[in-house]
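One structure is given here, and the rest of the page talks about it.
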Amino acid sequence: AALIQLTGSEQSTIWALIVCCAAIVPLVLFGPDPEKSSPVLLKPTGAAVAEDSGEVVTGSIPTRDRYGVLETISYYRGVLMRLGLSAAALSAVRSARQVIVPLWGVSLGLDASTIAIVVGVSGAIDFALFYASGQVMDRFGRIWAALPAMLLMGAGLIALSFTHDLDQATMWFALMAAVLGLGNGLSSGILLTYGADLAPETDPATFLGAWRTLTDAGGAAAPVMIASIVALASLPLATAVMGGVALLGAAGFAVWTPKFLPRREH
C-alpha cells in the first residue's frame, strides 16, 4: 500500500516481491544448516534401526509395495473421500479468500492502495492467530480449530455476497475481510496436522502425498470455479457459492473427525 501510494503505480509492488526473492538467496546460502546445527532433533524417534553385523543375509528381504497417488487415494478412500474432501474444501475457501477480497475491492471502485491495506489488515489478523490456533488444536482438539474456522469463513463469504450494493459497502468489505482473516488464522496448520494424525505409521509418505494432492486440488479449483461463476453470473454469486462450500466442509469435519481421529485429538 505504501509503495502504491508513493509511486502511484500498482507495478511498484513487483519490485517489493523481487527484493523479497533476492533476500532469500543469502539466507539459503549462508544460513545455518539445521542438519548440522541440530542433528539430534532430526533423528527419527520410535523406530528401530538395524545394526549392520557384517553377516550374510539369506532369503528374501521384505519390501513394502509403493503405489501411485490414484492407487493410494483408492486404497485409503474411506478417510480421503470424507475428511480428505473436507480438507480440500478448506483449502478451496482459503484460496477463494485470496481471490475474492481483491476482486471485491475492484468491483467497489476502490483504489489499489486501499485494497492493499484491507488485504494487509486481514493478513495481519490471520498471522496473529498462528500461535492461538496451535494452542486450540493441542488443548481442545483438532475439530475446535477446523470447525469454527470453516463456519466463520463460510458466514463471512455469504454475508459479504449481500453487501455489494449497500450504502456502506466499503465498510462491510473491510469488516468481512477481517472476519475471513480471523477464520483463516484459526485454521493455521490444521491441514498438515490432520494429515499427520491420519497418516498410517507404517507408510505415511504415500498417504501424505495423496492427502496433499486433494488439498492442493481444492485450492487450485477454487479460482477456476470463481472465474466461471463470475463469467456466467456475478461476483456476489461466486462469493456465496464459496461460502456454501465452506459450510459443507464444516459439516464434513463435524461428522467425520470423531470417526477417524482418536477422542483425544477431536
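Among the criteria (1) at pLDDT 95 or above; (2) out of contact with any Phe, Trp or Tyr (no Cβ under 8 Å at 6 or more places or on another chain), the one residue 126 does not fulfil is (1).
How do the pairs read when you match residues in the range 1-18 that are closer than 13 Å to residue 116 by Cα with residues anywhere that are surrounded by 11 or more Cβ atoms within 10 Å (Cβ to Cβ) and of a type in the set (D, E, K, R), using Cβ under 7 Å and keeping only pairs 6 or more apart or on different chains? Final answer for the pair search is 4/10.
The condition (being hydrophobic (A, V, I, L, M, F, W, C), outside any helix (DSSP H, G or I) and either farther than 18 Å from residue 102 by Cβ or touching a residue at least 60 places away in the same chain (Cβ under 8 Å) (or both)) is satisfied by just one residue among 157, 166: 166. Here 6, 17, 70, 42 are screened, and the one residue that is under 30 Å from residue 110 (Cα atoms), loosely packed, with under 12 Cβ neighbours inside 10 Å and at pLDDT below 90 is 6.
This table checks each residue for (1) at pLDDT below 90; (2) among the acidic types (Asp, Glu); (3) assigned by TED's automatic domain parsing to the domain that holds residue 181.
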position	(1), (2), (3)
52	yes, yes, no
98	no, no, yes
104	no, no, yes
111	no, yes, yes
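Of all residues in the range 171-201, those being out of contact with any helix residue (DSSP H, G or I) (no Cβ under 8 Å at 6 or more places or on another chain) and not aliphatic (A, V, I, L, M) number 1. Determine the pairs where a residue that is touching a residue at least 60 places away in the same chain (Cβ under 8 Å) and surrounded by 14 or more Cβ atoms within 10 Å (Cβ to Cβ), located within the range 192-206, has a partner that is basic (Lys, Arg) and not in a helix (DSSP H, G or I) with Cβ atoms under 9 Å apart, the partner being 6 or more residues away or on another chain. Pairs that qualify, where the first residue is touching a residue at least 60 places away in the same chain (Cβ under 8 Å) and surrounded by 14 or more Cβ atoms within 10 Å (Cβ to Cβ) and the partner is basic (Lys, Arg) and not in a helix (DSSP H, G or I), are 194/142; 197/142; 203/64; 203/66; 206/66. Taking the criterion of being buried (at least 16 other Cβ atoms within 10 Å of the Cβ) and among the aliphatic types (A, V, I, L, M), the residues of the range 222-242 that qualify are 222, 225, 226, 229, 230, 235, 238, 240, 241, 242.
The values are calculated or read from the model by the stated rules, or taken from the named source; none is laboratory data. Every value quoted in this text rests on a predicted model; they were computed, and no experiment measured them. Methodologically, a virtual Cβ is constructed for each residue, glycine included, from the backbone with ideal geometry; neighbour enumeration extends over all protein chains shown.
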